[in-house]
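Report on the following structure.
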Amino acid sequence: MTATAPANKKVGWSVINLIVILYALIPVLWIVSLSFKTADTISDGNFIPRSWTWSNYAQIFQIDLFTSALRNSIGIAIISTVIAVVIGTMAAYAIARLDFPGKKALVGVSLLIAMFPQISLVSPLFDIERAVGLFDTWPGLILPYITFALPLAIYTLSAFFREIPWELEKAAKMDGATPLQAFRSVIVPLAAPGVFTTAILVFIFCWNDFLFAVSLTSTSRSQTATVAISQFTGASQFAEPTGSIAAAAVLLTIPIIIFVLFFQRRIVAGLTSGAVKG
Amino acid sequence: MTLDSGALAEATTKEPPAHRAGKIPLSEGKKAERRLGLWLCAPAAIIMVAVTAYPIIYAIWLSLQRYDLRFPAEREFAGLSNYGAVLSSGYWWQAFLITVIITVVSVAIEFVLGLALALVMHRTIVGRGLTRTVVLIPYGIVTVVAAFSWQFAWTPDKGYLAAMLSDGSAPLTGQTSAIAIIILAEVWKTTPFMALLLMAGLALVPDDLLKAAQVDGAGPWQRLTQIILPMMKPAILVALLFRTLDAFRVFDNIYILTQGSNGTGSVSMLGYDNLFKAFNLGIGSAISVLIFIAVALIALLFIKLFGASAPGSEPAGKR
């Protein structure tokens, strides 16, 4: 595989790459195509719209259920991400750098939770959250999201933390900084890229969730967009919901596309360095 | 879980031998370090345990009761009768069988496709960045969104894929064809994740070794099966373990594609339906506990396969 690879080899690789790209993009392009189809062509089965319209997008913003769900999704995902990343950073720093009892247990617990079947928690959490008033509230979803994001955060971050030049921390300690000061003023800035990558992965995880959202919410107070889409019945009772669902689906995909386009390298590094599951 | 064993080994060797003795009284600095370590980990540990351990124990307790949300007054201790009811029901075994089929078939296909994709991304001489970017889209896309794309694609008259089938066929309403579509949706979404994990393993295979083998006359297939795959074994096992456990939890795709109708429901679907359609917390909790046990058994099986390279044993080296 040298730079002087023959032209036909390049053509071969181009074809293979094209297949991979089509594999990844066709289902996405299909939902985009549906979202731009007019009401009378939406059922024509054509991959490319015969006539284009923005009306599906205009329509979904008139559905209160969807606008509130979008607000809930954004708010819940951002809050969960911030909390999980802060708590995860603290734990990962301790795991990567400090010597203390119970470290092994914490790593073991994170691993168990990464493998935990979430459906097993749905029945008990439903009952507990109803009893303590967390059912159908933001914190009622944020708590399980943080829990299942933490193993991802801890593993990714501790992998990043092992790459940091620790002599700098020692130097800071020699200059009289306490371990906490060393953590805050030396390590945090160095660790920022890893923390940022982890935040992206955690956000994608929270944004993606459906099982907890569909089980632990019931009204527009906390229902997220994934649930709202699954319950679309159309803008009016006579309207076909396909166009609305497609437009809402495309909107939910936009943040993912932005992350992937701008932070491809980071996401790959984060996933392969220590990730469990996004 | 972490794939870079280099950092691991480094961390192990760094440890000063003084700790091991354990007899020497801890210095002030050491004590402060231990305190800081515990404080930094406490929030993560408390949340993870509070949101998983307590509910699963509560689920075990609920599963021993007759607890129907429609008749809350009749709540009473019922022993193992909920488990008896679930395990003697055809629904549970049907859902279990469907879940196993979906898990095994999709993970097998994902492994083959993922390995191919990893080799492509690792070796390609053109468009490497573009390919790596594009394959992240299935990984990142919301499962519900992707499921709708497949659902519309296979809906008669509406979908581009259904249009390729003969008239009058409705693949989402037949058991076999619907399961095939569920597997397709799972495979499409998670193959890139599998490929990325495998690519990390692929990066550990030294190029010199492959070149030497080539000089010695090993063909591409021999190089793959005799050198690349054996050297990638730890990465392969990690990828298979996480994908298997993940596939076993399949829910979103089925919920959108078929709602579990026509015998396509997984165990997760069954647990959900028992809670939200039958309103039976006792039976629902028994199903939760059984799924938990099934997942634990799968994990144990893999960890036995892993042997020393099990992720669970890794922290010992990382201390």
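Applying the set (1) among the small types (Gly, Ala, Ser); (2) more than 10 Å from chain B (Cβ to nearest Cβ); (3) within 18 Å of the chain's Cα centre (by Cα) to residue A:114 leaves exactly one unmet item: (2).
Considering only the stretch B:139-226, give the helices (runs of 4 or more DSSP H) lying wholly within it that have at least 2 residues that are assigned by TED's automatic domain parsing to the domain that holds residue B:249 and crowded, with 17+ Cβ neighbours inside 10 Å. First the steps, then the outcome.
On the way: elements: B:143-154, B:175-202, B:207-215.
Ranges flagged: B:143-154, B:175-202.
Name the one entry in A:153, A:172 that is assigned to a helix (DSSP H, G or I) and buried (at least 22 other Cβ atoms within 10 Å of the Cβ). Exactly one residue qualifies, and that residue is A:153. Considering the conditions (1) more than 23 Å from residue A:212 (Cβ to Cβ); (2) surrounded by 13 or more Cβ atoms within 10 Å (Cβ to Cβ), residue B:72 is excluded by exactly one of them, (2). Of all residues in the stretch A:39-77, those being out of contact with any Lys or Arg (no Cβ under 9 Å at 6 or more places or on another chain) and assigned to a helix (DSSP H, G or I) number 17.
Out of the stretch B:265-298, which residues are outside any helix (DSSP H, G or I) and at pLDDT 90 or above?
Kept after step one, since they are outside any helix (DSSP H, G or I), are these residues of the stretch B:265-298: B:265-266, B:277-280.
Passing the criteria: B:265, B:266.
If you go through the stretch A:7-37 and keep only what is of a type in the set (Val, Ile, Thr) and in contact (Cβ under 8 Å) with a residue 24 or more places away in the chain, you end up with A:28, A:31, A:32. Just a yes or no: is a residue in the stretch A:179-194 polar (S, T, N, Q), at the interface with chain B (Cβ under 10 Å from one of its Cβ atoms) and either outside any helix (DSSP H, G or I) or surrounded by fewer than 21 Cβ atoms within 10 Å (Cβ to Cβ) (or both)? Among the residues of the stretch A:179-194, not one is polar (S, T, N, Q), at the interface with chain B (Cβ under 10 Å from one of its Cβ atoms) and either outside any helix (DSSP H, G or I) or surrounded by fewer than 21 Cβ atoms within 10 Å (Cβ to Cβ) (or both), which makes the answer no.
Taken as a whole, the condition of being of a type in the set (A, V, I, L, M, F, W, C) and surrounded by 23 or more Cβ atoms within 10 Å (Cβ to Cβ) does not apply to residue B:257.
Among the residues examined, residue A:125 qualifies as at pLDDT 90 or above and facing chain B (nearest Cβ under 7 Å).
When you check residue A:94 against the structure, is it under 17 Å from residue B:49 (Cβ atoms), among the small types (Gly, Ala, Ser), surrounded by 21 or more Cβ atoms within 10 Å (Cβ to Cβ) and without any contact (Cβ under 8 Å) to a residue 40 or more places away in the chain, yes or no? So residue A:94 passes the test. Whether a residue is over 27 Å from the mean Cα position of the chain (by Cα), part of a helix (DSSP H, G or I) and either surrounded by 15 or more Cβ atoms within 10 Å (Cβ to Cβ) or hydrophobic (A, V, I, L, M, F, W, C) (or both) was assessed, and residue A:82 does not pass this test.
Quick grid of which residues meet (1) under 30 Å from residue B:235 (Cβ atoms); (2) not acidic (Asp, Glu):
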residue: B:63; (1), (2): no, yes
residue: B:71; (1), (2): no, yes
residue: B:110; (1), (2): yes, no
residue: B:116; (1), (2): yes, yes
residue: B:119; (1), (2): yes, yes
residue: B:133; (1), (2): yes, yes
residue: B:140; (1), (2): yes, yes
residue: B:147; (1), (2): yes, yes
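Filter the helices (runs of 4 or more DSSP H) completely within the stretch B:4-76 down to those with at least 2 residues that are modelled with pLDDT of 85 or more and either at the interface with chain A (Cβ under 10 Å from one of its Cβ atoms) or out of contact with any Cys (no Cβ under 6 Å at 6 or more places or on another chain) (or both). Explain how you work it out, then say what you get.
Details: elements: B:5-14, B:18-21, B:28-48, B:54-63.
Per the criteria, B:28-48, B:54-63.
The values are calculated or read from the model by the stated rules, or taken from the named source; none is laboratory data. Small disclaimer: the values here were computed from a predicted structure and weren't measured. Note that each Cβ is placed from the backbone with ideal geometry, even for glycine, and that neighbours are counted across all protein chains shown.
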